[in-house]
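These notes concern the structure reproduced below.
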Amino acid sequence: MSHFADRKVLGIVLALASYATYSLHYATMKWLGTGYSIWQLIFLRSLVMFLITLGIGRAATVRGFVASPYKLPTAIRGVLQFLCAYFFYVAANRMPLADVTTLYSAAPLMIVLLSIVVLGEKIHGLHWVAVILGLVGTAIAANPGADTDLLAALLSLGAALFWALTVVFTRKSGARESSDVQLFTNSLVFMALSVGFATWQMPSSLYDWGLMLALGIQIYLAQLFFVEACRFAPASLVGPIEYSSLGWACLFGFLFFADVPPLPVVAGGVLIVVSGVALAVGMRRMSKKSQNLPLAAAGAIEG
């Protein structure tokens, strides 16, 4: 195996580790969310991530933040990511993790549609077929005619929309911040937006304290793994691996909450994955000709 191929394999492994850690983080938030305020949990996880980022980068991270010419767009991106995370957490407290993750997986489709409207980008006929297929899958997974929690479904789709807005805004603004400064800024934004709403409840045990500490470690590692994955493999290869989150969400949902996804969620999820992978492959081919990043590839660090 060539050195270049080795780097790609390492990138894939890191991407899988990233999405597994994200899913574990969401499961931990859901577990703690039954006894503690979402605002409190967001603040604590962001505080831990802030301390880790500051402890590793130290003065260099602070200097990078102060000297950055992208403070405003990075802060706006942080607000969009905060809304994405908040909607996802609230939805996960109301419905099974696999269901939320399936609906959230519609984000790449929204990125494509927003890129057409906001960025004026164009896609070909077969790509439209993939988008429509994904939208049909989303409608099936939402299963509005059944006893589905409609608010939770809308929150899940809202989280997907805010993530799509994050990616499109990143490309529109042209902000290219270093990963450590982006993590530092995100943690500041998340703390600032959550501290005013956080209703503090003292953790009832060392176990809960440990889980709250784990939240910050998990989100830091998930984002670090993602950044490193993009260093070793192209975004067009890393992007479709996001759909592994569906498998991780099903696994953690079953292990922690004994949740089993209903048939409509599974069927809709399959259509969404097929649609997303088809879009990613198509956009990758287009990018080889235009040298542009694929639409469905991640353009920012997930919150």
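The values are calculated or read from the model by the stated rules, or taken from the named source; none is laboratory data. Because the structure is predicted, anything quoted here is derived from the model rather than measured. Don't worry about glycine lacking a Cβ; one is built from the backbone with ideal geometry, like all the others, and counts go over all protein chains shown.
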* Structure fact -> In segment 188-212, anything over 22 Å from L83 (Cα atoms), among the hydrophobic types (A, V, I, L, M, F, W, C) and either touching a residue at least 12 places away in the same chain (Cβ under 8 Å) or in contact with an Asp or Glu (Cβ under 9 Å, 6 or more places away or on another chain) (or both) is listed as L211
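Being surrounded by fewer than 20 Cβ atoms within 10 Å (Cβ to Cβ) and of a type in the set (V, I, T) narrows it down to one residue among T170, T138, T199, T166; which is it?
The conditions single out T199.
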* Before we move on, is L215 buried (at least 21 other Cβ atoms within 10 Å of the Cβ), out of contact with any Gly (no Cβ under 9 Å at 6 or more places or on another chain) and at pLDDT 90 or above? -> yes
* Count - residues of segment 94-113 that are of a type in the set (G, A, S) and not in a helix (DSSP H, G or I) -> 2
* **Matching entry among G35, G57 (being crowded, with 16+ Cβ neighbours inside 10 Å, small (G, A, S), in contact with an Asp or Glu (Cβ under 8 Å, 6 or more places away or on another chain) and more than 19 Å from W248 (Cα to Cα))** => G57
* Asked: In this structure, does I76 turn out to be touching a Phe, Trp or Tyr at 6+ places or on another chain (Cβ under 9 Å), surrounded by fewer than 23 Cβ atoms within 10 Å (Cβ to Cβ) and among the hydrophobic types (A, V, I, L, M, F, W, C)?
  -> yes
* Would you mind telling me which numbered condition in (1) closer than 25 Å to F252 by Cβ; (2) of a type outside the set (A, V, I, L, M); (3) not in a helix (DSSP H, G or I) P69 fails? => (1)
* Looking only at segment 208-216, decide whether some residue is of a type in the set (G, A, S), assigned to a helix (DSSP H, G or I) and touching a helix residue (DSSP H, G or I) at 6+ places or on another chain (Cβ under 9 Å). => yes
